Amino acid sequence: MSNEIEIGRGKRGRRAYSFDDVAVVPSRRTRDPEEVSVGWQIDAYHFDIPIVAAPMDSVMSPATAVAIGNLGGLGVLDLEGLWTRYEDPEPHLAEIAALDPERATPRMQELYAAPIIPELITQRLHEIRRAGVTVAGALSPQRTQQYWKTVVDAGVDLFVIRGTTVSAEHVSGRAEPLNLKRFIYELDVPVIVGGASTYTAALHLMRTGAAGVLVGFGGGAAHTTRISLGIHAPMATAVADVAAARRDYLDESGGRYVHVIVDGGVGRSGDLVKAVACGADAAMLGAALARASDAPGRGWHWGPEAHHANLPRGERVSVGTSGTLEEVLFGPGRQADGTLNLVGALRKALATTGYSDLKEFQRVEVVVSPYQPF
């Protein structure tokens, strides 16, 4: 049965779904939430919760990366953010939070125009290393060739290459593009790369040797990619497509499992549940963690697209504060809006549907049931 819709006589489009369009269906069995496991492992690194903190200045500082690690997740520091451009970025973070809306984008463009200081990359990663948690840092594909050696020499455990979209085959007539396959092969640390939002793009990224693939394309709360570029990937369909690529690559490679990490569209606990149900192994969270009272953004959230020098494709958005970082992840919840106790909600969903771990839960029945969230 075709899932395509005729847009006009010369164009057809496939129907795609966001997390708001789908729902998980209970099964014949239930479990106690205490008997459910939400841990996951990528390469040699095990995490108690399937939460990866997004490399965004409103979410991650060295201190919050350590806090996320101590809570059982993985914090990824943006190595092109304010923390590697300024010795003390706190005054600039406070200034961004206090900016008038019409002044926010131009002022952020000015602040992020300062050069990246390699010594600060090393210093920030050493701060996280000294705390004894897993160390992860992120670069864009454009900066990877310039700074990768500094990052690796500083001692990262996981290297993240993250962009709005990352392909295994970037074509450029101006400069030699990053050869992902060769880069990953020669690197001594596992690489997580993305975003990808289609089966084919994800399959090609998996063939480069990546340990994990980020699923997303401008789907976050602070992105305006759909408005600016006309490009958008509904996340439920994107995750399911990339999960299918993982399954096929598992057969193609003779058993090599590549982790699928949803990156975008997971703003509340129900989105996290449905992301795993569609096939994700973990979720990279931005806005959900920016709501923490101890997040660097002070109730505001923005990504690297918001301060692009020539074509901003995001904005600084107010997400407010709902609780501490620990309360966002583990509760207790004080309102029924899905912003607190994300991990508790995931445990409850697994228990209610009778599944014991995340891999099992990826097989849960899902229905198309669109609704308008609050």
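The values are calculated or read from the model by the stated rules, or taken from the named source; none is laboratory data. These numbers were taken from a predicted model, which means no experiment stands behind them. Here Cβ is always computed from backbone atoms with ideal geometry, including for glycine, and neighbour counts include all displayed protein chains.
Just to be sure I understand the filter: pairs with C-beta atoms under 9 Å, separated by 6 or more residues or on different chains, first member in segment 336-355 and surrounded by fewer than 18 Cβ atoms within 10 Å (Cβ to Cβ) and basic (Lys, Arg), second member modelled with pLDDT under 95 and not in a loop (DSSP other than H, G, I, E, B). Which pairs pass?
Qualifying pairs under 9 Å: Lys348/Pro33.
Residue-by-condition table, conditions (1) in contact with a Phe, Trp or Tyr (Cβ under 8 Å, 6 or more places away or on another chain); (2) closer than 27 Å to Val328 by Cβ:
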site: Asp241; (1), (2): yes, no
site: Arg247; (1), (2): no, no
site: Glu252; (1), (2): no, no
site: Arg268; (1), (2): no, yes
site: Asp271; (1), (2): yes, yes
site: Ala277; (1), (2): yes, yes
site: Asp281; (1), (2): yes, yes
site: Asp294; (1), (2): no, yes
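Considering only segment 73-104, state which residues are touching a residue at least 60 places away in the same chain (Cβ under 8 Å) and crowded, with 18+ Cβ neighbours inside 10 Å.
Matches in segment 73-104: Gly73, Leu74, Gly75, Val76, Leu77, Asp78, Leu79, Glu80, Gly81, Leu93, Ile96, Ala104.
Kindly establish whether Ala44 is within 26 Å of Asp153 (Cα to Cα) and loosely packed, with under 12 Cβ neighbours inside 10 Å.
Yes.
What about Val317, is it surrounded by 24 or more Cβ atoms within 10 Å (Cβ to Cβ), under 30 Å from Arg143 (Cβ atoms) and either under 19 Å from the mean Cα position of the chain (by Cα) or not β-branched (Val, Ile, Thr) (or both)?
no
Would you be able to tell me the number of residues in segment 1-44 that are at pLDDT 90 or above and polar (S, T, N, Q)?
In the first step, residues of segment 1-44 are kept if they are at pLDDT 90 or above; the result is 5-26, 30-32, 35-44.
Among the residues that remain, those that are also polar (S, T, N, Q) are: 18, 30, 37, 41.
Selection size over segment 1-44: 4.
Could you list all residues from segment 19-41 that are under 17 Å from Gln362 (Cα atoms) and surrounded by 17 or more Cβ atoms within 10 Å (Cβ to Cβ)?
Residues satisfying the conditions are Phe19, Val22, Ala23, Val24, Val36, Val38, Trp40.
Taking Val22 as the residue in question, decide whether it is among the β-branched types (Val, Ile, Thr) and within 17 Å of the chain's Cα centre (by Cα).
No.
What residue, of Asp251, Asp281, is out of contact with any helix residue (DSSP H, G or I) (no Cβ under 8 Å at 6 or more places or on another chain), among the charged types (D, E, K, R) and either over 19 Å from Ala23 (Cβ atoms) or surrounded by fewer than 24 Cβ atoms within 10 Å (Cβ to Cβ) (or both)?
Unique residue meeting the criteria: Asp251.
Can you pull out the helices (runs of 4 or more DSSP H) entirely within segment 241-333 that have at least 1 residues that are more than 14 Å from Met56 (Cα to Cα)?
Once the helices (runs of 4 or more DSSP H) in segment 241-333 are filtered for at least 1 residues that are more than 14 Å from Met56 (Cα to Cα), what remains is 269-277, 325-330.
Specify which of the listed residues (Val273, Val266, Val328) is within 17 Å of the chain's Cα centre (by Cα), on the phi < 0 side of the Ramachandran plot and without any contact (Cβ under 8 Å) to a residue 60 or more places away in the chain.
Testing whether each residue is within 17 Å of the chain's Cα centre (by Cα), on the phi < 0 side of the Ramachandran plot and without any contact (Cβ under 8 Å) to a residue 60 or more places away in the chain leaves just Val328.
Going through Arg12, Arg29 one at a time, which residue ends up being of a type in the set (Lys, Arg) and either in a loop (DSSP other than H, G, I, E, B) or within 30 Å of Val156 (Cα to Cα) (or both)?
Just one listed residue meets the conditions, Arg29.
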